[in-house]
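Read through the structure below, which is laid out as structure tokens, and then see the notes.
The values are calculated or read from the model by the stated rules, or taken from the named source; none is laboratory data. Predicted model only: the values in this text are computed from it and were never measured. In this analysis, Cβ positions are derived from the backbone assuming ideal geometry, glycine residues included, and neighbour counts consider all displayed protein chains. Remember, those area values only see protein heavy atoms, side chains included, never the ligands or the DNA or RNA. Shrake-Rupley method; radii C 1.70, N 1.55, O 1.52, S 1.80 Å.
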Amino acid sequence: QVQLVESGGGLVQAGGSLRLSCVASGRTFSINVINWYRQAPGKQREWVATITTAGITNYADALKGRFTISTDNAMNTVYLQMDSLKPDDTAVYYCNTKLWGINSWGQGTQVTVSS
């Protein structure tokens, strides 16, 4: 299977930037798609962005223009560049992939944006 580990979260002021990383290990050659999700306190987990091995990206409408997903090492590491951060972006951010019908999630990384 695949293991995912996120990092790069932290405390930032509104208007600032952070870059999150998701490092994949295990059967990474089988990964076709990696997603970022986030979950704010008291809210459901929501999809943020997706990248494919072909380099195709997609974003939640509300985040377009502020967040950028990218990868190197053939999907071994996926990044989420977050700019112009807002307090509403405060959440735990998770990366995710699905192989053979099984979802794999990382442990998450906390992002806190102060006003």
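Return the carbon/sulfur percentage of the accessible area of the range 20-79, one whole number, probe 1.4 Å, all protein chains in place.
That fraction is 48 percent.
Please list, short to long, the whole-number percent of alpha-carbon pairs of the chain in consecutive 5 angstrom bins beginning at zero.
Reading upward from the zero bin: 2, 13, 24, 26, 19, 10, 5, 1, 0.
Between residue 76 and residue 115, take the C-beta separation as r, use R0 = 35 Å, and let me know the FRET efficiency to the nearest 0.05.
Details: r = 36 Å, r/R0 = 1.02.
Result of the calculation: an efficiency of 0.45.
Along the Cα→Cβ direction, 7 angstrom out, place labels at residue 60 and residue 40. What is the inter-label distance in nm?
About 0.8 nm separates the two model spin labels.
Using DSSP to call loops (not H, G, I, E or B), can you name the trypsin sites (Lys or Arg not before Pro) in the range 14-115 whose Cβ has at most 14 other Cβ atoms within 10 angstrom? Don't skip to the end; give the middle numbers.
Working: sites: 19, 27, 38, 43, 45, 64, 66, 98; in loops: 27, 43, 45, 64, 66.
Filter output for the range 14-115: 27, 43, 64.
Find the relative contact order for the range 1-54 and round it to a whole percent, using C-alpha pairs within less than 8 Å whose residues are 6+ positions apart.
28 percent
From Cα pairs below 8 angstrom and at least 6 apart in sequence, can you work out the relative contact order of the range 30-115, rounded to a whole percent?
RCO, the range 30-115: 28 percent.
If you build a Gaussian network model of the chain, linking Cα atoms that sit under 10 Å apart, which residue out of 55, 65, 42 swings the most?
Fluctuation is largest for 42.
Once label points are set 7 Å from the Cα along Cα→Cβ at both residue 27 and residue 83, what is their separation, rounded to one decimal in nm?
Going by the 7 Å Cα→Cβ label model, 3.8 nm.
Measuring with a 1.4 Å probe in the full set of protein chains, what accessible area per residue, in whole Å², belongs to the chain?
Values: 5940 Å² over 115 residues.
The answer is 52 Å² per residue.
Counting only protein chains, not ligands or nucleic acids, how are 51, 102 ordered by accessible area (probe 1.4 Å), most first?
Numbers: 51 5, 102 85 Å².
So the residues, ranked largest to smallest area, are 102, 51.
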